[in-house]
Amino acid sequence: MDQFNVAIVVADTLRKDVMDIYGGRAQMPALNAFSREAMVYRNCYSPSPWTVPSHASMFTGLYPKDHGIFERPGTESVDLIKKLGEYRGFWLPSYFRELGYDTVGLSGNYWVSTETGFSRGFDSLFQVDRYTDFAYSEKVLNAWKYGTSELDILRNLLKHGKFRNLIEYSTLRQKKNRFDELTDFPREKGTKLLLNLMDNINFRSNFFLFMNMFEMHDPTPGERKNEVFDHHYGVHPMSMKRAGRLLDSYVKEAEHLDKYLGKFISLLKQKGVYDNTLIIFTSDHGQAFLEHGYIHHGSCLYDEITAVPLIVKPPQGVRLLSGSKAQTLVSIPEVIMRMRDSKDPVSFDSETVYSESHGNVKEFPAKYRSRKEYMDAHYQVSRYAIVRNGYKLVLNRGNGSVEEFTRQGKAVNPDSEKEAFLSLSSALDQYCSKLEGPRRVEGQGSG
């Protein structure tokens, strides 16, 4: 088959069920128009509830337990970056560069950047992130030790006689606040600039393009500082009403993102490469708003976090089959290579798909250190999910509880679906035994 171009667009943190094409509230006309020329898959799951393991799976074709680039209790950010640097297996951008393709990455997420090791195989990986100079700077990370609010930090720096740090921190805060005003943050998170960069790229025939659009990621417009952390760690629970307002804002952000998706498609058409380009539109994970008492993403494996969009436009001359089973981001490399090697129609369907999470990788401020026992019990545990034959099962391996058991998206009682439950439990135990060894499920009630 003639070679075709490949473009993978990840709308970071975009959950599937808010999009109108999947029955949600967000009106996304540009994406809908694109989908009329594409295949819309309705049962796709991310292998991880956060950026690094999920993107690593998209580039390696492996689940986190197999590529090894994932979080564990006690893991720090630098540990993950080291794991990524040590990985020596298949890497999708490298595969295309070895074929002679131009390989270009455009990312709005600091975690998908040269600094974190994702530039392997890219001729160029451009990264735009308003967090980089401020939130990840050593000075600010050190300042977090003195509190989470600006006032607390300033007061405690003064109390401890850290006058030099006080001046440095105050200067950084002023720069950040001014930068936020100039860039319309948090509504804007870099995609406008990335598209300007893309507009100036002269694509040759045969290119691999990756883009991470960061607009859907927290903080959601209108989100108050620390309110999510306060809920997350049991300091001050958020009300359902407040979470609903944040979800409303998140829906509006999806509508804003749609304009950029439309611009992306328009640029490919203007450059005359649209028809012969395989375009994969998806997300690395979703976002929760207290549907199960949990907010944001990173630990739990509920549908609002792991069920992601997957919309695929094949290049000219390639046929896609519709999906009747389940899909996973892990299969992206395999499907692309099958398209290149065969004239037969291909599908993203899999008999069984998995997701997993293993803890947090953040250093938490002093305000929450008294909550360590609470944090460890709720977040520093491994969770595994399996989707097969319309069923989904999520197990908490820390306490053996069932956190989710559904059929066609509706909760069901394990006792009434005992055969399916035991079959999924057995398969999930085999999946995670490589990391933890076999463990019997303690109970069948919801956890």
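Please treat every number below as a calculation from the coordinates, not as lab data. Just so we're clear, the structure is a prediction, and the values are computed from it rather than from any experiment. Please note: Cβ atoms are built from the backbone with ideal geometry, for glycine as well, and neighbour counts cover all protein chains shown.
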Quiz item: Comparing H285, H378, H160, which has the greatest mean-square fluctuation in the GNM of the chain with Cα pairs linked when under 10 Å apart?
Solution: H160
Quiz item: Can you give the convex hull volume of the alpha carbon atoms of region 299-367 per residue, in Å³?
Solution: 139 Å³
Practice problem: Using only the Cα atoms of region 292-409, each taken as one equal point scatterer with no solvent, compute I(q) by the Debye sum, divide by I(0), and report log10 of the ratio at q = 0.16, 0.19 Å⁻¹. | Solution: -0.84, -1.03
Exercise. Considering the options N276, V228, S239, tell which one lies farthest towards the positive end of the dipole of region 226-284, charges being +1 on Lys and Arg and -1 on Asp and Glu at the Cβ, about the Cα centre.
Key: N276
Quiz item: Which lysines does K159 reach when only Cα atoms under 19 Å apart count, and residues fewer than 8 places away in its own chain are ignored?
Solution: K139, K145, K367
Practice problem: Fewest Cβ neighbours within 10 Å first, please rank M337, M19 accordingly. | Solution: M337, M19
Quiz item: Based on Cβ point charges of +1 for Lys and Arg and -1 for Asp and Glu, what charge dipole magnitude is obtained for the chain about its Cα centre, in debye rounded to the nearest 20?
Solution: 680 debye
Practice problem: For the chain, with a Gaussian network of springs between Cα atoms less than 10 Å apart, report the residue from Y41, Y379, Y169 with the top mean-square fluctuation. | Solution: Y169
Practice problem: Set Lys and Arg Cβ to +1 and Asp and Glu Cβ to -1, take the dipole of the chain about its Cα centre, and tell me which of T60, I21, T75 lies farthest positive. | Solution: T75
Practice problem: Calculate for the chain the 222 nm mean residue ellipticity that helices alone would give, adding -39,500 (n - 2.57) per DSSP H run of length 4 or more and normalising by residue count, nearest 500 deg cm²/dmol. | Solution: -11000 deg cm²/dmol
Exercise. Averaging over all projection directions, find the projected area of the Cα convex hull of region 1-102 and quote it in nm² with one decimal place.
Key: 9.1 nm²
Exercise. Consider just the alpha-carbon atoms of the chain and return their Rg together with their Dmax, both in angstrom.
Key: 21.9, 71
Practice problem: Grab the other residues whose beta carbon is less than 15 angstrom from that of I21, score K and R as +1, D and E as -1, and report the net. | Solution: +1
Self-check item: Semi-axes of the equivalent ellipsoid for region 357-424, Cα gyration tensor, largest first, Å
Solution: 31, 11, 10
